[in-house]
Structures are given as structure tokens and as C-alpha cells.
Amino acid sequence: MEKAPKQNQPLVTHIFTADPSAHVFEGRLYIYPSHDLDHDGASNDNGDQYAMEDYHVLSMDDFDSPVVDHGEVLHLRDIPWASKQLWAPDAAYKNNIYYLFFPARDHDGNFRIGVATSASPAGPFNPQPDYIPGSFSIDPAVLVDDDNRAYIYFGGLWGGQLEKWSTGTFNPNGKEPAADEPALGPRVALLSEDMLSFEGAVQEISIVDENGSPITAGDEDRRFFEGPWVHKYNGWYYLSYSTGTTHKLVYAVSRNPMGPYTFKGTILTPVIGWTTHHSIVQFRDKWYLFYHDSSLSEGVNHKRCVKYTELRYNEDGTIQTIDPYPG
Ligand code: FUB
């Protein structure tokens, strides 16, 4: 058990953690991170350095309480369809069941998205024997809306292979669009009532600028790269994501969970390390950003640590930009 966390400091230091998906379940905060491995293997744009093999769940009663590590809740060896790289997960609650959604490479080397279930938010999680039919790419994030419909958002470029799925089927030579063409958007699908499959077709989300023109692939300060997250505030859907090559967390808003979304601004300026990945959650009367950086390993990209900080809205609903290293 670790001490009570401080804002902008690692939540835990006994393991490397990343990609935090935070939720309030049963009145407590639960964080579903990736569990980074401490290794010196190859590092490349394909993401081979992110060689994670299991998931841990972290939780805390509130921000004044110690962080509990619930230990290993799911391991690669127990997932029949997966071969390697358990990347950024998310969790959801519906039907009195907790669902863990996670990406991994299948036995052909393609990223797919799987589901595992538990009676407890702290796991352990029992994986389905196969990945979600029709799933691809990485970084699932699930929103259970006020009407109890559940939407799954996902996608990521480069190692996450999204550009290889732009036609709907896998093309090993698939490329990002030209700089002046619309960028690839994250994907969204409605989840079936039992949360184990997609209902209807996977759709691409359009992200547009203030004039309604699509954000282009060359607009690397604003285009989607990976790590989609959707939360709801005052009746608006907020889609936030990483810009990858420019290392920002940015957001866009819509009245419809499936978009189109209008680009609004930057949530978090670049952190130490290449990747930036986050979640946004309301706990009691405040909002929080959970994110990661590589400060715990002094800058090693694949040895990251999860942190949190308060997130504030302006009166017009825009989000105040956060500096991860204040003062
Ligand atoms: O943790 C592995 C990958 O790095 C995630 O899936 C991406 O979002 C990036 O954080």
C-alpha cells in the first residue's frame, strides 16, 4: 500500500504504470492502468518497447487515502487469442458486472480488443475466449451513457495500426492520409447489451475545426493520434485524445456521442516521455485528469508513472490548459 498521492506526483512507485483509465465505482476511485515492464529491449515506432504482460488495478477511497494495488488481475497467459502487448485498458460497469476492455496483438500480430469480466471492480478479470468480432487497433475507452447505452471508442496510429484499417479491412501497407487530407479519426461502436460485441457498424469519428472543416492529417497539433476518451459535462460530449508526434492532450466537443466533434483546445501540454495518455473523471464535486509521464524512470519512454491533477472548466465549458510541471 502506497501513501496518499500528491497532485502531479506518481500515484505508485513500486511498479511502472501508464495509460490510466479512472472511474468511480462503489463510491471509490479505481484506476485501470497499463503495467509497464522494466526491460532494455528494442525501442521503435512500432511500439515494441511497450511489451506489457499483465494488468494491475489501483484504487483509493479518496485523494487523502493510500493507494491500494490490487495486484495482477489479468495476465497474457490466460487470454487464448492474445500473443503480446497488453496496452491501454478501460473498465465499465453495467448489468451488475465489471468489464475490462483491453487491446493486445492476436496470433497474427494484429491488434484486437478483448473483454474480461469480474464481479468486483478490483478484479480478478476473466477473459472471453476470443477478441470482440470486428475489433481492431488499440486504446479502447467505454462510455456508459445516461440512457444506459454503452459506446466503445478506440484507435491509434503507427504501432496501434489504425492507418492499416482505413478501408475497413487490414492492409499491411496502409498509410496515413496526405497532409492536406482529413486526418484519420478515432473509431466508435455501440456495444451490445451484454457488452461483449459490437452492435452495428464501427464508425469513424469526424473532428472538425471551428468552421466545420475536417482537421487535416498534416495538422499535427490537432489531429487524432491515439488514446481517445469521452466524458460528459453539462450535456456535451468531450472527446479528448493524444496528438502523438506533438505530445499534447487535446479535446473536441459534440452534442452527439458519435460526433462530429468540434476541436476546442489543449488540456495538457507535453510531459516527459514520448507518449501522453489520460482519462477524465468526476469525483464528488470536482473533476480530475489522470495522466502519465516518464519522470519515475528519468525519461525512459516505456517506463512510465501514473499521476493526477485537478481539471477546471471555464464558465463557457472550455477546459483550462494544464501544465504538468507547475511552479
Ligand atoms: O501503453 C502503450 C501505448 O502507449 C498506449 O496504448 C498508447 O496510448 C500509448 O500510451
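Taken together, the values in this text are just the output of simple stated rules run on the coordinates, not laboratory data. Because the structure is a prediction, the values reported are computed rather than measured. Heads up, the Cβs are rebuilt from the backbone with ideal geometry, glycines too, and the neighbour counts pull from every protein chain shown.
Quick check: is even one residue across segment 100-116 assigned to a loop (DSSP other than H, G, I, E, B) and among the charged types (D, E, K, R)? Yes, segment 100-116 has at least one match. Here is the figure for segment 141-161: residues that are within 15 Å of the ligand (Cβ to nearest atom) and more than 15 Å from GLN203 (Cα to Cα) total 5. When the test is whether a residue is on the phi < 0 side of the Ramachandran plot and outside any strand (DSSP E or B), LEU296 passes it.
Scanning segment 51-97 for residues that are in contact with a Lys or Arg (Cβ under 6 Å, 6 or more places away or on another chain) and within 16 Å of the ligand (Cβ to nearest atom) gives SER83, LYS84, GLN85.
Might you let me know whether segment 177-191 holds any residue that is assigned to a strand (DSSP E or B) and at positive phi? Can you show your working first?
Quick first cut of segment 177-191, residues assigned to a strand (DSSP E or B) only: 182, 187-191.
Filter once more, so that each one left must be at positive phi: none.
Taking every residue of segment 177-191 in turn, none turns out to be assigned to a strand (DSSP E or B) and at positive phi.
Residues in segment 248-293 that are of a type in the set (Lys, Arg) and within 16 Å of the ligand (Cβ to nearest atom): LYS248 only. One residue alone among GLY244, GLY212, GLY273 is of a type outside the set (Val, Ile, Thr) and surrounded by fewer than 17 Cβ atoms within 10 Å (Cβ to Cβ), and that residue is GLY212. Of all residues in segment 257-293, those satisfying the criterion of being within 28 Å of THR216 (Cβ to Cβ), polar (S, T, N, Q) and in a strand (DSSP E or B) are THR262, THR266, SER279. Scoring GLY114 on the criteria (1) crowded, with 20+ Cβ neighbours inside 10 Å; (2) small (Gly, Ala, Ser); (3) away from the ligand (no atom under 16 Å from the Cβ) leaves a single failure, condition (3). In this structure, does ALA122 turn out to be within 16 Å of the ligand (Cβ to nearest atom), touching a residue at least 40 places away in the same chain (Cβ under 8 Å), surrounded by 16 or more Cβ atoms within 10 Å (Cβ to Cβ) and assigned to a loop (DSSP other than H, G, I, E, B)? So ALA122 does not fit the description; no.
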